Structure formats: C-alpha cells, structure tokens
1. Compute the length gained on full extension between residue 119 and residue 131: take 0.36 nm times their separation in residues and subtract their Cα-Cα distance, giving the result in nm to one decimal.
2. For the chain, take the convex hull of the Cα atoms, compute a quarter of its surface area, and give me that in nm², please.
3. Could you please report the charge total around residue 94, scoring K, R as +1 and D, E as -1 over all other residues with beta-carbon less than 12 angstrom from its beta-carbon?
4. Using the Karplus curve 6.51 cos²θ - 1.76 cosθ + 1.60 with θ = phi - 60°, what ³J(HN,Hα) values do you get for each residue of segment 113-122, in whole Hz, with x for Gly and Pro?
5. So which residue, out of 37, 120, 218, gets the largest mean-square fluctuation from a GNM of the chain using Cα contacts under 10 Å as springs?
6. Per residue of segment 154-162, what does 6.51 cos²θ - 1.76 cosθ + 1.60 with θ = phi - 60° give for ³J(HN,Hα)? Whole Hz please, x for Gly and Pro, Karplus curve as stated.
7. With +1 assigned to the C-beta of every Lys and Arg and -1 to the C-beta of every Asp and Glu, and no other charges, what is the dipole magnitude of segment 1-160 about the Cα centre in debye, to the nearest 20?
8. Using only DSSP helix segments of four residues or longer, with each worth -39500 (n - 2.57), what per-residue ellipticity at 222 nm results for the chain after dividing by its residue count and rounding to 500?
Amino acid sequence: MVLFATVFWGVSGTAAQVLFQQDHVSPYWLVTVRMSVSGFLLLLLALSRFGFGSVFSVWKNRQDVVRLVLLGFFGLLGVQYTYFASIQYGNAATSTLLQYVGPIFITLYVAFRNRRMPRVRELTAIAFALFGVFLLVTNGNTRHFEVAPLAVVWGLLSALTVAFYTLYPQTLLKRYDPAILIGWGMLLGGLGLGLGENPFRMPIHTTPLLWLLVSFVVIFGTLIAFYMYISSLNHISASVASLLACGEPLSAAVIAVTLLHVRMGLPSLLGAVCILITVTLLAHKERVTESPPKIATPR
C-alpha cells in the first residue's frame, strides 16, 4: 500500500508538470481544485466511516478550530502550493527530491526543542542532505544552477512546510482521525484559495488529456494515495513507511527522465541518492521514539 501510494504521488507530480508546462495550467488553479475536491471527498469517506458527530466534533472546540485553520492554510495549502510552484519552474523529479529535505527541518526543530545538539546520525544526515541538494541543483558545476533558482526556492519552502504540517497537528491527532483533519484542512485551504482563483474558471485550452491528468492528480494522487498510506500504518511502523516512501522521488525521477526527457546528469543522480540516504538515516527506529509520528503528505 505504501509503495502504491508513493508511486501515485510521484506520477501525480509528473502529471502536474505536464499541466503547467504544456497545457499552461496555473498552479493556483490546480491547487484550488485539488484541495477543494479532495477535501470534500475525504470528508464524505470519513462520514461513512465515523459518522456525522465525529466528523464535525472538531468544530465544537474553539482552540481546535484555530489549530485546524492554521493547519489548513499554513500546512496543507502551504505544502501543496510551494510543491506545485517548484514543479512549474523546474521539474517533478527535482521538486520532489527537494521536498524530501523536510525531515532535516524536523530534526533541527526537535534538537532545539529538547535543548541538545543533533546526534552523530542526525549530523551525518544533514551533511548528506546539504551535499545532495548542492549536486542536485548544480549538477556538479559551481558556475551555474542546473535547476532554475525559483524552483529551488519553492522546493525548499515546500520542505519547510512539510516539516510544519508534520509537527504542528500532533495535538489534534490525539483527538481526531487523520482523515478528518486532512479532509477539513484541505477543504478549508482550497476554499480559501478559491477566494482569489475561481475553481470553475476553466483553463483556456481544455482537452480530454488535460481533464484526465487533473482527475489523476485529484483521485489517485491525493485521495487514494492518502488512504493507502494511512491504512498501511495499521500494519507497519512509521519508520518503515518513511523508508518505503522513498519510492515517490524514485518514481517521479524515472517518469520524468523516460517520458518527459528531463536531463539528470551523474552528479544530479548522486545528489538524489544522498537525499534518499538522509531519509534512511532519519527513519531509523532509534529516532522514531523521539520524533512525532509521520502523517502522509497529500501531494
């Protein structure tokens, strides 16, 4: 289930790249549609599973409402928009790999919160991450960026928002099911973004392929992928799921190189390996006991 979820996420990013760079779809519009529709469908599934009272119980506590709104706008909306903006200026493979630097921000925050220096394993992971990002964006050439600077900036902001939305909702997760939180958060973020971008305003040139790609991003790349990932945590630990989630950047890279002819030199591929090593080091069981549980990134 984890591998299917991560492949769907990876293919979703590649589908978004086609929509942005070939069909000239706005990331603003795609994020609005994706979050609104996915949030609504997630809440419908949550209603069928938990009932009306459980799904709407979060609105009975004022503090939880504030936390939910912050999660929706700064967490879920933040990670969606920054990720897709990075793809618009770069490519799905690079943007997905940059987003996987997020655990580094989590590690630094946990060390700061506990008033301690990062451990050797964590410092090693940070070194791999920094070196991996350097190789990824320069392809080993220090004179110029292989990737557009805006793609790098948005990608690193995406990693930062991943850290925020992973750390922030821990209080809410103790009282509410993740499907309920993600459903409401995505619906709120989508509706809020819709105030500036009418989701019913169609792209200038619509084709059957365009709607097929949008449908894949919404249904498979968000709804089904999220439920598969969450369901897998009933059978395996979060650390194992995090390791298997490396299938996302791998699938995004394979599809981008083979189908979209994205060029990745040997130094860039080595940088990708360094970032995946980072995830492997930080997903070790010794760290899981200290860091908060991971929830799925609905990309």
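1. Values: separation 12, 0.36 × 12 = 4.32 nm, distance 1.83 nm.
Full extension from residue 119 to residue 131 adds 2.5 nm.
2. Numbers: hull surface 62.1 nm².
Averaged projected hull area, Cα only: 15.5 nm².
3. Charge balance near residue 94 sits at 0.
4. The phi angles translate into 5, 8, 6, 9, 7, x, 6, 4, 4, 6 Hz.
5. Checking each option, the largest mean-square fluctuation is seen for 120.
6. 5, x, 5, 5, 4, 4, 5, 6, 4
7. Using only the charged Cβ atoms, the result is roughly 700 debye.
8. About -21500 deg cm²/dmol.
Each reported figure results from applying straightforward, stated rules to the coordinates on display, with no laboratory input. The structure displayed is predicted, hence computed values, not measured ones. FYI the Cβ positions are ideal-geometry reconstructions off the backbone, even for glycines, and counts take in every protein chain you see.
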